[in-house]
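Just below is one structure, and these are the notes that go with it.
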Amino acid sequence: MKRVLSIQDISCLGKCSLTVALPVISAAGIETAIMPTAMLSVHTWFKSFTFHDLTDEIMPVCKNWKEHNFEFDGISTGYLGSFRQIELVEEAFAMFNKPGMLKLVDPVLGDNGKFYVGFDSAFAKRMAHLCGKADVIVPNLTEVAAMLGEEYCGSGYDEKYIRERLKRLAGLGCPNVVITGVSYEKGRYGVAAWNAEKEEYSTYFGEEQPGTFHGTGDLFSAALFAALIREQNMAQALETAVEFTVESIRMTLQNPDHVPYGVEFERAIPCLLGKLNLI
Ligand code: PXL
């Protein structure tokens, strides 16, 4: 069985970061080790939350794993709370590096043109440096603008704008750039990708769903990572991750009592397994 490591916070309730990555990647038949970087009562979308920093645990845990000779087929990262945590992720990448180990970075910084609480443009610049060390990055349009030091484009963009941003981000040093939350036509919503080695541009769009839900970026990132670890090619993996995310939102909308702070991805797991040809 393949083994991966997911490094991000654990927001104990609210369905994002590790409470999404662990069940989704595990359901795909991949052993999933976790490195919680902080423990929050709920994610920062809520008006109040507790926050217990776990930065000082990161290196001792990594060193202990090394003593046990554990290796990883991939490492993925999401929400990271400080400059120091980004530095430690870079150290972990170097420590566990081996040929073929997949490094996926989701540069979690903000959404809808706004930084999440506590982040700013200096932090975005540092995150861009981490992206340069990854094999795959999955920023949304807010994160693209923040990392390139540009104004957020809102919905006023076209395909040319996206293609240019993909290439600029690849210039950070990452060979596979995937921009999430892209739409070129009403009713179709998905991702645009650039493979810098093959100089290949691609897109995948699913059925646009009404409403906005927290944690869908984390869900997409976990599913994409799982699909790539399961050796789907990038085009297949993008389809898997988009369709699973769309199905999770569809399931959520079917529930008249749905909440905005997380999606009912649990009921979309059969869709994920189907897309991975596991059922
Ligand atoms: O979904 C990204 C995310 C992860 N973790 C925490 C967050 C957020 C977004 O707000 O607050 C703690």
Give the residue that is surrounded by the fewest Cβ atoms within 10 Å (Cβ to Cβ), with candidates limited to residues of region 95-140 that are part of a helix (DSSP H, G or I) and basic (Lys, Arg). LYS125
Does region 252-267 contain any residue that is in contact (Cβ under 8 Å) with a residue 40 or more places away in the chain, touching a helix residue (DSSP H, G or I) at 6+ places or on another chain (Cβ under 9 Å), surrounded by 21 or more Cβ atoms within 10 Å (Cβ to Cβ) and not in a helix (DSSP H, G or I)? yes
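For region 154-200, give me each residue that is part of a helix (DSSP H, G or I) and more than 30 Å from GLY100 (Cβ to Cβ).
GLU159, LYS160, TYR161, GLU164
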Could you run through region 214-239 and say how many residues are surrounded by fewer than 19 Cβ atoms within 10 Å (Cβ to Cβ) and within 16 Å of the ligand (Cβ to nearest atom)? 0
Only one residue in LYS133, LYS125, LYS114, LYS98 is more than 19 Å from ARG168 (Cβ to Cβ), away from the ligand (no atom under 16 Å from the Cβ) and either of a type outside the set (A, V, I, L, M) or out of contact with any Leu (no Cβ under 7 Å at 6 or more places or on another chain) (or both), so which one is that? LYS98
For the subset of region 14-31 comprising residues that are within 13 Å of the ligand (Cβ to nearest atom) and of a type outside the set (Lys, Arg), which member is nearest to ARG230 (Cα to Cα)? ALA21
GLU71 passes all but one of the listed conditions (1) surrounded by 16 or more Cβ atoms within 10 Å (Cβ to Cβ); (2) touching a residue at least 40 places away in the same chain (Cβ under 8 Å); the exception is number (1)
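Is at least one residue of region 62-78 among the aliphatic types (A, V, I, L, M), at pLDDT 95 or above, under 30 Å from LEU273 (Cβ atoms) and more than 9 Å from the ligand (Cβ to nearest atom)?
yes
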Does THR19 satisfy the criteria of being on the phi < 0 side of the Ramachandran plot and modelled with pLDDT under 95? no
Residue that is nearest to the ligand (Cβ to nearest atom), among those in region 166-213 that are under 16 Å from the mean Cα position of the chain (by Cα) and over 27 Å from HIS129 (Cβ atoms): PHE213
Filter region 38-61 down to the residues that are in a helix (DSSP H, G or I), within 18 Å of PHE83 (Cα to Cα) and of a type in the set (A, V, I, L, M, F, W, C), then identify the one that is nearest to the ligand (Cβ to nearest atom). ILE58
Failed criterion for THR212 (all others in (1) out of contact with any strand residue (DSSP E or B) (no Cβ under 7 Å at 6 or more places or on another chain); (2) in a loop (DSSP other than H, G, I, E, B); (3) at pLDDT 95 or above hold): (3)
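The values are calculated or read from the model by the stated rules, or taken from the named source; none is laboratory data. The model shown is predicted, which means the values in this text are computed figures rather than measured ones. Here the Cβ is made from the backbone with ideal geometry for all residues, glycine too, and neighbour counts use every protein chain on show.
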